[in-house]
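Accompanying notes for the structure given below.
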Amino acid sequence: MGRHGGGSRSGGSRSSSSSSSRGGGSGARTSKTPFHGCYNRSYYDRHGKYHHYYTSNKNFGTKSGWSIGVIFVLIFVTLHMLLMLSAFSSTLITFGKKVNGDRDRIYIVDHAEALSAAEEEKVLDLLNEVYEKSGMPVTVYTDNFDWRKHYMSIEVYSEELYYGIGYDEDAMILLYTTDNSDDFYDYEYDFYCGADTIACLSDKTFDKLIDNFYKGMSGLKLYDALDYSFRSVMDELAETHIDWSMFPVTVILLLFYSIFYISILGSTMKSNSAYKYFKEHPEELSSTPMTLYSTCPNCGAPNTAQGEICPYCNGLLKVTDKNVTFIQPK
């Protein structure tokens with residue numbers, strides 16, 4: 001399916017149309033310092049660095065973090081990321097090239113007599129310049145408003161003309177219809193491009209062409225509009241374009257996936273490191289949760305609420321793990 005782009009002027013008015021699952025204890029409370037009900041899972045990693053790790057997850061460090069669920073999530077998210085990035089990349093970058101359409105399709109059919117003989121010659125020179133740059137042949141077809149008796153819209157009319165002439169998807173037709181009376185100069189137009197013209201004429205450049213055609217029609221001269229609009233996009237034909245407006249969206253997308261990978265891979269690798277350590281040192285794997293002393297070491301008040309801070313003096317309460325006593329820092 002090709003692309004339409006057009007507009008009209010009637011009585012001085014204008015209208016236009018154009019076309020988780022985390023490894024290593026998901027949801028568990030973790031801390032670098034002890035807390036009530038935690039398990040001491042402090043360990044040495046493979047680099048010899050000691051990690052103070054306290055968690056409410058009793059199973060942390062008792063099995064490898066590379067579960068089937070984690071692997072499935074990683075594969076799914078990776079595929080999703082690649083699909084999203086490829087979609088955004090196709091939007092961000094438009095690779096341009098010539099389409100090499102049939103040069104014989106560069107001609108003018110001026111039923112409405114909207115161009116003088118001298119203007120027709122200049123327009124043909126212009127369209128040949130467009131072809132040299134893009135490989136896209138352009139036909140200019142003018143008519144009166146009689147088409148309205150047979151077609152619901154100018155888009156239907158232009159599309160029937162395009163394929164009725166036998167054009168492939170690598171050409172463009174500009175259908176321009178007018179009713180030049182003594183009182184008004186009304187016109188309606190539609191650019192129709194085959195689907196393959198996207199290679200030499202990006203959607204952004206196509207929209208620019210249409211907008212500038214309408215601006216060029218301010219003097220109600222078809223030749224002026226053709227010359228202004230096509231020359232305004234000449235340097236953009238068959239060129240690779242980068243839509244920088246999509247760049248921030250791509251960066252945000254990459255950050256989103258980076259956060260996910262850091263989260264799931266970080267927790268999984270930490271769980272694997274702890275698993276390897278406790279497998280080699282099973283005697284250090286504590287199976288009993290750590291508990292708070294029942295009295296505050298500062299004021300001696302009973303800790304009936306079993307909290308981490310004394311409700312009377314706001315002092316930090318001691319925590320015990322077997323025979324080792326810790327003071328929880330602020």
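The values are calculated or read from the model by the stated rules, or taken from the named source; none is laboratory data. The model shown is predicted, which means the values in this text are computed figures rather than measured ones. Here the Cβ is made from the backbone with ideal geometry for all residues, glycine too, and neighbour counts use every protein chain on show.
Tabulated data for the structure shown
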quantity	calculated
Verdict on V138 being surrounded by 14 or more Cβ atoms within 10 Å (Cβ to Cβ) and either hydroxyl-bearing (S, T, Y) or closer than 14 Å to Y192 by Cα (or both)	yes
Test result for E119, at pLDDT 90 or above and either surrounded by fewer than 18 Cβ atoms within 10 Å (Cβ to Cβ) or not charged (D, E, K, R) (or both)	no
Residue check for K133: modelled with pLDDT of 95 or more, among the charged types (D, E, K, R), assigned by TED's automatic domain parsing to the domain that holds A195 and in a helix (DSSP H, G or I)	no
Yes/no for D190 being over 21 Å from Y157 (Cβ atoms), surrounded by 15 or more Cβ atoms within 10 Å (Cβ to Cβ) and modelled with pLDDT of 90 or more	no
Selection count, the stretch 153-186, where residues are in a loop (DSSP other than H, G, I, E, B), under 25 Å from L220 (Cα atoms) and modelled with pLDDT of 90 or more	1
All positions within the stretch 198-215 that are of a type outside the set (D, E, K, R) and either under 20 Å from D227 (Cβ atoms) or modelled with pLDDT of 90 or more (or both)	C200, L201, T205, F206, L209, I210, N212, F213, Y214
Selection within the stretch 218-269 - outside the structural domain of D179 (by TED's automatic domain parsing) and over 26 Å from the mean Cα position of the chain (by Cα)	G266, S267, T268, M269
Close pairs from the stretch 59-77: first of a type outside the set (S, T, Y), partner in a helix (DSSP H, G or I), Cβ under 6 Å, at least 6 apart	G61/A274; G61/Y275; G61/F278; G65/T268; G65/S271; G65/N272; V70/T268
Hey, T288 farther than 29 Å from L126 by Cα and either modelled with pLDDT under 90 or of a type in the set (S, T, Y) (or both) or not	yes
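Conditions tested, residue by residue: (1) assigned to a helix (DSSP H, G or I); (2) farther than 16 Å from V130 by Cβ.
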| position | (1), (2) |
| --- | --- |
| N212 | yes, no |
| D227 | yes, no |
| F230 | yes, no |
| E239 | no, no |
| I252 | yes, yes |
| Y257 | yes, yes |
| N272 | yes, yes |
| F278 | yes, yes |
